[in-house]
Amino acid sequence: MKKNVLRTLALLLALCCLMGVAAFASGEASAEEEAVDAYTSASLTRTLLEGDDLQLAIATLAGISDDLATTADASVSGYEAPADAVIAQVMSVNDEGSVSLSTIHAWKVDSDGDEATVTIVMTDGQTIRNLIEEGDRGTILVHGDQYYILHVETESVTALEYSDDAYENGAFNIDYSGAENQLTEYTVTLRIYALESSMVYMFN
C-alpha cells in the first residue's frame, strides 16, 4: 500500500515538472514571437520609416513617381512626362505561394496627412490579378536616393476593358502593352501601410 502511494506521488511530481517545462517553453516562444516584427527584424540592412523620416520618404517617392498619363493626355500639345520618374517593381503572391514580379512605369504616390497611397496602372497579368480584390496585399520596390520597400494593401480598383474605340481614343495608359491581345488595364490604388528603406542593392 505504502509503495503504491509513493509511486502515485512520484508520478504526480513528474507530471507537474513536465507541465512546468511545457509552460515555460510556451511562454518563451510567445515572448520571442512578440519580439519579432513583420519587416525590419528580418534584416539589419532595412529601416522601418516613421515620423519625419516617413514623411520625407513619401515626399521623395512622390517626386520620382509617374503622372499616370493616358495616350490622350500625352498627345496634348505641350505635354511633358515627369523628368525624374523611375520604374518600380511590383510583387504579389500567387495562390500556390510563389511570388509574381512585374516592372512598371505607371505608379504614383499621393499623401494626405499621415496617410499615403500609391496608384499603379498595369495591363492584365498574374501580378496584378493578385491585387485586384480589396484587402489584397503586396510589395513595391523603388530605387530612388536609396531603395524603398512599400508594403501595400488594395483599397480600390478600376478596370478598363479593351475596345477599339477606347484604344483609338487614347483611353489607355501611355505604356499600355495589351492592344494585340486586347487585354484589360487595371488602375489600382493601394494604401501604404508600412515603408522601409535600404542601402543594399535590390532591383533596379
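Observations on the structure shown:
- Condition met for residue 154 (at pLDDT 95 or above, of a type in the set (Val, Ile, Thr), open to solvent by less than 30 Å² (accessible area, probe 1.4 Å) and farther than 17 Å from residue 85 by Cα): yes
- Scan of the range 101-137 for residues that are open to solvent by 30 Å² or more (accessible area, probe 1.4 Å), closer than 15 Å to residue 61 by Cα and in contact with a strand residue (DSSP E or B) (Cβ under 9 Å, 6 or more places away or on another chain), ordered by number: 105, 108, 110, 111, 115, 117
- Sole residue being within 14 Å of residue 190 (Cα to Cα), without any contact (Cβ under 8 Å) to a residue 60 or more places away in the chain and outside any loop (DSSP other than H, G, I, E, B), chosen from 122, 91: 91
- Any hit, the range 69-81, residues being out of contact with any His (no Cβ under 9 Å at 6 or more places or on another chain), polar (S, T, N, Q) and either part of a strand (DSSP E or B) or under 15 Å from residue 140 (Cβ atoms) (or both): yes
- Subset of the range 154-197 (residues that are of a type in the set (Asp, Glu) and more than 18 Å from residue 131 (Cα to Cα)): 164, 165, 168, 175, 180, 196
- Long-range neighbours under 7 Å by Cβ, at least six apart or interchain, first residue within 14 Å of residue 157 (Cβ to Cβ) within the range 132-144, second surrounded by 15 or more Cβ atoms within 10 Å (Cβ to Cβ) and aromatic (Phe, Trp, Tyr): 132/186
The values are calculated or read from the model by the stated rules, or taken from the named source; none is laboratory data. Since the model is a prediction, treat every value here as computed from it, not as a measurement. Neighbour counts are summed over all protein chains in view; Cβ atoms, including those assigned to glycine, are modelled from backbone coordinates with ideal geometry. We work out accessible area using only protein heavy atoms, side chains counted, and drop any ligands, DNA or RNA first. Shrake-Rupley method; radii C 1.70, N 1.55, O 1.52, S 1.80 Å.
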